[in-house]
Structures are given as structure tokens and as C-alpha cells.
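Throughout, read-outs are computed from the coordinates displayed, never taken from laboratory work. The structure displayed is predicted, hence computed values, not measured ones. Don't worry about glycine lacking a Cβ; one is built from the backbone with ideal geometry, like all the others, and counts go over all protein chains shown.
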Number of protein chains: 2
Amino acid sequence: MTHTDATSDRRPLVIASNRGPASFAVDEHGEVAARRGAGGLVTALIGALQASGGLWIASAMSEIDREHAGSGRIEIGDPGARYSVRYLAFDPGEFHAFYNEVSNRVLWMLHHCLWDAPRTPVFDAATTRAWNAYRRVNVAFSEALEEEGDADFLIQDYHLSLAPAMLRARRPGARIAYFSHIPFAGSEHFRVLPRRYRLELLEGLLGADVIGFHASAWAENFLVDCRELPRATVNLRARSIRWQGRTVRVGVYPISIDVEALRAESREDAVDEARRRVEAVAGGRALLLRVDRAELSKNILRGFLAYERFLERCAHWHGRVVFLAQFNPSREDVPEYGRYMEECFRAVDAVNDRFGRGDWRPVTVSYGDDFALAIAGYERYDALLVNPVFDGMNLVAKEGPTLNRRDGTLILSENAGAFPELGRHAVRVSPFDVEGTADAIREALEMPAVERARRARGLRAAVQRNRLDAWVERQRAALRRAGAGPG
Amino acid sequence: MTHTDATSDRRPLVIASNRGPASFAVDEHGEVAARRGAGGLVTALIGALQASGGLWIASAMSEIDREHAGSGRIEIGDPGARYSVRYLAFDPGEFHAFYNEVSNRVLWMLHHCLWDAPRTPVFDAATTRAWNAYRRVNVAFSEALEEEGDADFLIQDYHLSLAPAMLRARRPGARIAYFSHIPFAGSEHFRVLPRRYRLELLEGLLGADVIGFHASAWAENFLVDCRELPRATVNLRARSIRWQGRTVRVGVYPISIDVEALRAESREDAVDEARRRVEAVAGGRALLLRVDRAELSKNILRGFLAYERFLERCAHWHGRVVFLAQFNPSREDVPEYGRYMEECFRAVDAVNDRFGRGDWRPVTVSYGDDFALAIAGYERYDALLVNPVFDGMNLVAKEGPTLNRRDGTLILSENAGAFPELGRHAVRVSPFDVEGTADAIREALEMPAVERARRARGLRAAVQRNRLDAWVERQRAALRRAGAGPG
């Protein structure tokens, strides 16, 4: 059904997410200024907001954000922007429980399957308290959204899983789309969550009219999980769920990147300096690159083990290849992350101690927020390793091939949400398979030039074919169809 | 279709499993004698063999087994038995790789979801070598089975996942049933296995005509996993798979226990002495019991944490309840098991140190092969804790209620294969939910007498309704139907 209702089209757009499109910071003149966040998601959503003059509601993440929080809207000083931001401020303890304890330690770990099942998780009295905080923050978001009337609501990600049903209860006529940017756990893993929580979570999401995921695997997992709800009727083939007299549509909307903005960033002065740093590391050798948040789901440890195994088997590559790993610090407040990164750094030392020699250091790690280095690495790599355990999408797999200038090869985990779009142009790996990943590194580095060029073209074309602005448009079109009645 | 082919019915029965129905040992007179294994599975299969004069092929597990191994059949000296056993002997290193490295450390962990995904498993060169040994042992089994002609073959469990297809290649006309006694990993977890292994595993199993599981959840997982095979056509509703011109049936055959044999064991002298030991521990207090192999999937650690939380919240139970935990040693060669049990024992010490007082020790652990103690505990418990992370079936949940004399309550994990049969008479727990399990312990101990009695009757009836001899019969009937052509 492609019929659209012209009247409904004019509904204002309201976005809700934990992290807002901009954060406040003191600029070089000592003045408070809004600094726009990076990344395709913010670009896509701001583009849609600018077209409709809408509003973005987010949590105040910093002290300066909190000073600007309240019921007022803030016009963002972005040239040409016609949208507002509203920050919701929470008590720091409440926000910690919502953000770190539930969103990141429970839901992120759940959907990425990162637990050590004999030991973790343990759902105890502290979890109960944190879950109550998570619920209250979702209530606060739904109250703020309710004030906007019967708008089109785009609720973003696992932090706000309960908000759709809370908003639906307050505004039965609202059009609500929810988007999950991470994987969704299949039934076996989803059952790690105690029943009372998993039912609350599913019922929370089903307040939306449209529920979107980056990949069909996550959409199917969600649909199968919904079969546990006694009163839901799940249609796997149609990707829909009958629930409380409504039809909820589940859609697959793989996000893309803003190719033009990325190319513009690569022309910044800082990248020139970063190119020199990359060349100082690579020194004319082949370059294996990874760019990731310092994050358990990225499978950093097995990447280094696979590189070690590759060097063990391929003496002809000694002195001829360098592995540059760029990590953005992430969730340093969560103890699991610190422990994991220590293990990763020990693995790096082991490779360098075992194989390094005077003029050759096999692995170089860069730890810090350094997008210029990532860009310079993207241009220069011969092979890009993207081997997450599970990943909702993975934009590195799209950014790298877009900027790469050497027909570099992409090594891609079959469990990345980007795999259905890019897999046939990549070297496929099972992320747990260290031996297979060592094979893949060799295959990527030794691939004949004609084949490398063919695949590099395929990757660039696949990224460009999926336009970023279509991502919001497809969700809004699905919302309009949902609003046009049961279909 | 219930038509049976009388001619085909007369096919001999051949069973294959890693562990045989009997092991050889030196008896009290210094003579070598076959000692029959315990458990309902052996009883069920021997019953079927005796009716058909069949053969059981197994690995030689001990030195004495190995001396009896070879191509010859051994008549088992069991009164009234009319069946034979043949032992296959393997080089100890080869057997270790097959049994510990692949069967127990890879496949058991895979299907019970016991990994710590950011770190384990690591599939490396050692895995490749061990997998080759696993494949060779499966070849040896299929060669031994082939010698028996076009029999009815019952291949048991995850040790022999590849044997069905190997036997099918050698004997296209064989009727082959495979049974998995453990869970089967859902697609997300199954993908932890590298693709080359998981395709080999699925193709190995699909050599069978009938593939059986204890619970529909495991059957559905297997069917969904098979959708990854490019040339398989999976019918989820009919529970069948078209594969290489054949139709493979997937069935759910929950095994039961031999109620009469269990009652007979409870009349042994050793149980009298064990009753006195149990009473010395309980001392007239309420008894919370668990009986398990010392095994990561049994979720022993969270059981002690939940009991600690229960005591923390319920001061009125201090001094009035005792937790007796009977553990059979298991896989002491596998390092993960030793580490896990140490953590469990530390948790026991923590509870006893925190809450114990002169005349009351809150937890008592018995570690050793002591079925008499288990039986005495079964008779005496007020609540039985069965909280596995995942479990193919769990026979403790059936044995306990069969022998219990106090209308004891069963606390049962929703992830046990026994849950569909017994769950509505039990107190349900999510195994990861320590807070919920603490609630369940209290609910079980404080349940009104009328309700306890009603549920105890329900449990006994559910166990007795599912007769053990039907377990093999249903599989053989499915085999006959499969042999009668595509349906």
C-alpha cells in the first residue's frame, strides 16, 4: 500500500534519543556553544527535522547540558537549521542506573550476547532498583513527548525501549516509530532476561506502529521473541504483530553514511597531519587497519590473536605488514570494559614481543578520540578488519571502502548488520574463528589486484546505492501507511 | 500415517553411543565382569535391544574396556539379556581430542550456551586438529555400523553428530534415527561455531531419517539452523527438511525415567544409611535439596547466591531450613569445571560464614558419586531446586517428585527440557534471576499444604504418564514411517 495521507504528512516530527544531536561546550572565546554531534544518524535525523521544523528531545549528558535543560526549547545555532532541542535532566544517580546499569550493562550485553552464562548476568536486588530507574527515565521521556501532541515520533534505541507504550497510553492517536540501532537477541539469548523484564520490554516496544532494525536477522529475532506474549499474534512472513487491536509493523531499514560529509572531513587540515602519522607507522609496508570503539562486542582480542597466528604461519609477511588499531575510548565507567581492554593490550604486547625486531613493530595501537587518524587509515589500508561478535550495523565497514585509495580489502564478520549489504564484496569471517580470521588476513593481503579492484568497486557502489536520506523517509512512509489503517 | 511394514519391522536394531551400556570392572572375586550402567536411557535402549537381539556399539572408555575391544561381539552377562556389545578402541590422544576437546569443550558448551563470548571460544589450530580427530572417530563408528547391514540404527547424542551422514553414504538403504540428549543451540548461538563446522554438523545429522530431541524448543532451533544450508528446504510447521532427495523428520520424544527401577533402588540397604545421614544434616528442619552433576550448565553458583539472598530477606527462616547439595563429580579433566566448582564452594563458605551459628549450618555440600544420598534426599526434601541455565531434559526433576514423601515443591528452570511436561506443577524460575529464585525458594517453602499436595500429585502423574518404553517405540515407529516412503 503506497497511499499517503497528505494531511497527516504535515504532522510535526519529534525525535527522542538518549544522546542529543548537539552538546554544549565552552568554545575558544569562552562562550557556551552547541557543538553538533558526528555521525550519519545525527545527519539523517537533523535533515528530516529541518524539513519539518521539528524537535529533538534528549538526556542532558553533561553539566553544561543540565544547565540548559528544562521545559524550554533551544534553537540550535547551526547555519540553516530550523529545529529545536530540549534536554531532560536527571538526578546523576538515577541517570547512572538508567544509562550504565540497565542500558549498557544489561540491554547492550543482552542484545550483543556478551555474557558468560555460567556466571553473568546476575539479576539481583540492585538490578531491580536500576530497572525501576530505567522505567522512570522512560516515563519522563514519554511525558515530554506527550506534550508535543499527535506528532510523528521517532524514538531511538534501546535506552528508550519502554517509552513507545508509555506514549501510546497517553496519546493513542500518536504515530510512533521506534528504531533499534543494535542487534536484537534471538529467543534463546533473550530468555536470559527474567520473564518479568522481557515481557515489559516487548510490551514497551509494541507501543510503536513501526519498529525498525538495521538487518533482517534482528527483525526476525524480535518477531520470534514476541511469540512469548500470550496475547500477541505474530506473522513472521508479513513481519507484523497484532497487539491490543493494532497492527505493529517490523521493518528493515539499514542506515547508510553521509558520503559527502565524510569526503569533506577528509579534506580537513588535521587529516594531512594524520596521514603523516599513518605513513610513519606503515613506512611503505602493507597496512592492516581496524577502527573501533574500545568495546567488547568489537572482538578486538580475537583480532590480535588472529594476526599473531597469521604471522606465525606466514613468515614471508614478517617485516612487510603493520597492523594499526585505532580505538575510541568507550564506557570507561563500566568495569568489564577496562578489564577487557587490558587483555587486548597484553595480546598486542605478546605479538610485538614475539615477532617485532629493530626496524619493525608488528602492531601499533592508537587509543583516543582521533577521527583524523581513522580517515587517514581508511585512505591507506590494504586490508580493513571488521570482525565484531555481533553488531547492529557497523559503519566502519561503510566509511573505510568509501575513502580507501588502494583497492583495500574488507574482512567482514558474518554477524555484522552490514553483512547482507556488503558481504559478497568482502572476505567473510566467523568472528569466533581465530584460525579462519588468520586465513582471511592472508587472503585479503594476497588477493590479486584485479579481484581487489572489482571488490572495492562493489563496496563503494553498495554504500552509495543506499542513500542516507532514504533511511528516515522509509520509516516515515511506513508510519503514514500505518496511520492509514490496518492493512 | 500409522501404517507399518511388517517385513521392515524385523530389521535388527543397532545402537551407537559414545558410552556403552556396561563397563568392565574387576569384581570382588578378582574376575572381570560387565557392570551395567545406571539411568533410564540405558534401561530404555536395552529393553529395545533385548526384544530384537540387537547390538550396541560404543567407545572403550577404560583400559579394561579397551582389552575387550575389537571386532568381536560380547554377550553381556545380564540375566535374561539377548544382546551384544562391541567396543571400539581409540588411541588415547585421539579419544581425548574427540571426547574432551570437541564433544565436551566445543559442542556441549555450544548447545548449552556456556561461553563468555568476548573471550571464549577461540577456534584455533588446536581446534582444527581436534575436529579432525572428532571426524575420524565418527568415521570409525560409521564403519562399524555399516558392517551390520540394513538395520535400524539408533545413534545417540552429540559425540556422534557426523556419523548419520557417513553411514548414509555407505548404506543408502539404512534406517537411521539420531537422538540429541542435550539442547540444540538456536541460530544466534549456533553461529558461534565457524561456518565450515556448523555446515558439516548439520549435514552430518541430516544423514538420519528421524532426528529426535527431548523438547520442542530444541527441535525448533535445529530446524531454524538448517535454513542456513543452501540446498535444504525446511518446513517448520511439519517439522521436516527436504535434503538430498530425502525427507528428514524432526521429532520431540521426551524421555522418562524407570519408575519401578528407581523405587527398587530406594529399597537398597545403602539408602537406609543415607537416610540417617540426611536426617543428621536436616535435623528436623525444612530441607532444600539439589542433586546435580558438578557442571556449569546446572547453574550451581546462582543457586547459592539465591539462597543467600533468601536468608538475607527471610530472617524467620534462620535456623529452620538447611540446603543440602549433592554433586556428582564431572569432567574433572576440563579446566573450566574445576574453576567453576571452586567458585561454587567459595559461595557456600560465604553463606555459612555469614548466617551459620553454633547449632545451624545453612548449607551442606556432598561431593562424590552417592546415588543413595540422592535417593534419601529425594524422599525427604521440602523444596527441590532444579535451576539449570539450559538442560536437554533434566531427570532429577522427574526422580525427585517420584520418590518424595513430604509433598515437596519443585522449583524448575524455564530452560529445562522437562519444563513443558512439569512446569505447571512447579514454581517457575528464570535461571539468571537470582532475585526471582530467592522469591521462588520462599514461595516453595511457604506454600500452603493443600497446594503443595495438589502439585506433588500433578508431578507424580505427569512422570508416570510418560512411560519409558514408549520413548524407543515412538522413534522406531517414526523410522518405519520414514522407510515407507515420502509422506
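Can you tell me which lysines have their Cα less than 23 Å from the Cα of B:LYS398? Leave out same-chain residues fewer than eight positions away.
Here the lysines satisfying the reach criterion relative to B:LYS398 are B:LYS298.
Could you give, in nm with one decimal, how far B:ARG73 is from each other copy of that position, shortest first, with labels 7 Å out from Cα toward Cβ?
Between copies, matching label points for B:ARG73 lie 8.7 nm apart.
Simple spin-label model, 7 Å along Cα-to-Cβ: B:ASP353 to B:HIS318 in nm?
Once both label points are built, they end up 1.8 nm from each other.
Quick one: grab the alpha carbon gyration tensor of segment A:103-149, order the square roots of its eigenvalues as a ≥ b ≥ c, and give me rounded if a/c is under 1.5, else prolate or oblate depending on whether a/b is larger than b/c.
In terms of gyration-tensor shape, oblate.
For segment B:418-481 and segment A:229-267, what is the centre-to-centre distance using only Cα atoms, to the nearest Å?
Taking the Cα centre of each part, segment B:418-481 and segment A:229-267 sit 39 Å apart.
Kindly rank A:447-457, A:224-234, B:105-115 from highest to lowest mean number of other beta carbons found within 10 Å of each residue.
Packing proxy ranking, top to bottom: B:105-115, A:224-234, A:447-457.
Considering the rotational relationship between chains B and A, which residue of chain B contributes the beta-carbon of minimal distance to the axis, and what is that distance to the nearest Å?
So the closest residue, with its distance, comes out as B:ASP116, 2.
Hey, got a sec? Which chymotrypsin sites (Phe, Trp or Tyr not before Pro) in segment A:194-237 land in a DSSP loop and have at most 12 other Cβ atoms within 10 Å?
none
Calculated FRET efficiency, B:ASP116 and A:GLU342, Cβ-Cβ r, R0 25 Å, to nearest 0.05?
0.95
Efficiency by 1/(1 + (r/R0)^6): what FRET value for A:ASN466 and B:GLU143, r their Cβ-Cβ distance, R0 = 56 Å, to the nearest 0.05?
Calculated transfer efficiency: 0.60.
Put a label point 7 Å from Cα along the Cβ direction on A:ARG231, then list its distances to the equivalent points in the other copies in nm, shortest first.
Taking the point 7 Å beyond Cα along Cα→Cβ, the inter-copy spacings are 4.9 nm.
Can you give the mean number of other chain Cβ atoms that lie within 10 Å of the Cβ atoms in peptide A:118-129?
So the per-residue partner count for this stretch is 6.
Short version: ³J(HN,Hα) in whole Hz for each residue of segment B:84-92, in order, from phi by Karplus 6.51 cos²θ - 1.76 cosθ + 1.60 (θ = phi - 60°), x for Gly and Pro, what are they?
Karplus-based 3J(HN,Hα) across segment B:84-92 equals 10, 10, 10, 9, 9, 9, 10, 3, x Hz.
What size of dipole, in debye to the nearest 20, comes out for segment B:259-466 about its Cα centre when the only charges are +1 on Lys and Arg C-beta atoms and -1 on Asp and Glu C-beta atoms?
Here the size comes out at about 800 debye.
For segment B:146-215, what is the convex hull volume of the alpha-carbon atoms per residue, in Å³?
Given the Cα convex hull of segment B:146-215, per-residue volume reads 84 Å³.
Taking each pair of distinct Cα atoms in chain B once, what is the resulting Kirkwood hydrodynamic radius in Å?
After inverting the mean inverse Cα-Cα distance, the result is 23.7 Å.
Per DSSP H run of n ≥ 4, the term is -39500 (n - 2.57); total these for chain B, divide by its residue number, and report the mean residue ellipticity at 222 nm rounded to 500 deg cm²/dmol.
For chain B, the value works out to -13000 deg cm²/dmol.
For segment B:259-466, would you read off the P(r) tail past 32 Å as a percentage of all alpha carbon pairs?
Distances greater than 32 Å cover 9 percent of the Cα pairs.
Suppose every Lys and Arg Cβ carries +1 and every Asp and Glu Cβ carries -1, with no other charges. What dipole size does the protein assembly as shown come out with about its Cα centre, to the nearest 20 debye?
Using only the charged Cβ atoms, the result is roughly 2940 debye.
Under unit Cβ charges (Lys, Arg +1; Asp, Glu -1), what dipole magnitude, rounded to 20 debye, does chain A have relative to its Cα centre?
1680
With the dipole of chain A worked out from charges on the C-beta (+1 for Lys and Arg, -1 for Asp and Glu) around the Cα centre, which of A:SER430, A:SER142, A:ALA69 lies farthest toward the positive end?
A:SER430
I need the semi-axes of the equivalent ellipsoid of the protein assembly as shown: take the C-alpha gyration tensor, multiply each eigenvalue by 5, square-root it, list largest first in whole angstrom.
One finds semi-axes of 51, 35, 28 Å for the protein assembly as shown.
Give a residue-ordered list of calculated ³J(HN,Hα) values for segment B:246-253 (Karplus: 6.51 cos²θ - 1.76 cosθ + 1.60, θ = phi - 60°; whole Hz; x for Gly, Pro).
My calculation for segment B:246-253 gives 10, 10, 9, 9, 10, x, 10, 10 Hz in order.
If each label sits 7 angstrom from Cα along the C-beta direction, how far apart, in nm, is B:PRO329 from its counterparts in the other copies?
Those label-point separations list as 4.9 nm.
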